[in-house]
Amino acid sequence: MANLDNKKLLACCANGAGSSLMMEKAIEKVLKKYGVKPAELRHCPVSEGKSAARGYDVLFCARTFEKNFEDAKKAGTVVIPLRNVMSAQEIEKALQEAGLL
């Protein structure tokens, strides 16, 4: 998957309110910079993300939650763990390292 156009992206945090919304905004900033138009970009709590992750191409989460998504990884979802979920720079670098940008 070398291009994120028409891909489904999910941002997960503990409660699905504050930090995942900020993560979503940082992801949007990176996507806009590269002219990427995903099919979907949304945020949710980890509890919902664990079951929904398989339906997404790429999932972003804090490093502390990465192990919650092992089943999604096995099903083909690319999981992007982040140290600072609000850092557009870290998101951009992680996507580049994953070969997605």
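Which of the residue pairs LYS37/LYS67; LYS33/LYS93; LYS8/LYS32; LYS8/LYS29; LYS32/LYS74; LYS25/LYS74 have a Cα-Cα distance greater than 18 Å in the structure shown? Table pairs above 18 Å Cα-Cα are LYS37/LYS67; LYS32/LYS74; LYS25/LYS74. The simple spin-label model puts a point 7 Å past each Cα toward its Cβ; for ALA75 and LYS37 those points are separated by 2.8 nm. Taken about its Cα centre, the chain carries a charge dipole of roughly 60 debye when the Cβ of each Lys and Arg holds +1 and the Cβ of each Asp and Glu holds -1. Compared with the direct C-alpha span, the chain from LYS67 to MET22 gains 14.0 nm at full extension, assuming 0.36 nm per residue. Rounded to the nearest 0.05, the FRET efficiency derived from the C-beta distance between GLN89 and SER51 at R0 = 22 Å is 0.10. What shape does segment 1-91 take by its C-alpha gyration tensor, where a ≥ b ≥ c are the square roots of the eigenvalues and a/c under 1.5 counts as rounded, a/b above b/c as prolate, and the rest as oblate? Oblate. Here the spin labels are modelled as points 7 Å beyond Cα on the Cα-Cβ line, and at LYS29 and GLN96 they lie 1.6 nm apart.
Each value in this text was obtained by applying a stated rule to the coordinates, not by laboratory testing. Model, not experiment: these values are computed from the prediction. Quick reminder, even Gly has a Cβ in these numbers, built from the backbone with ideal geometry, and neighbours come from all protein chains shown.
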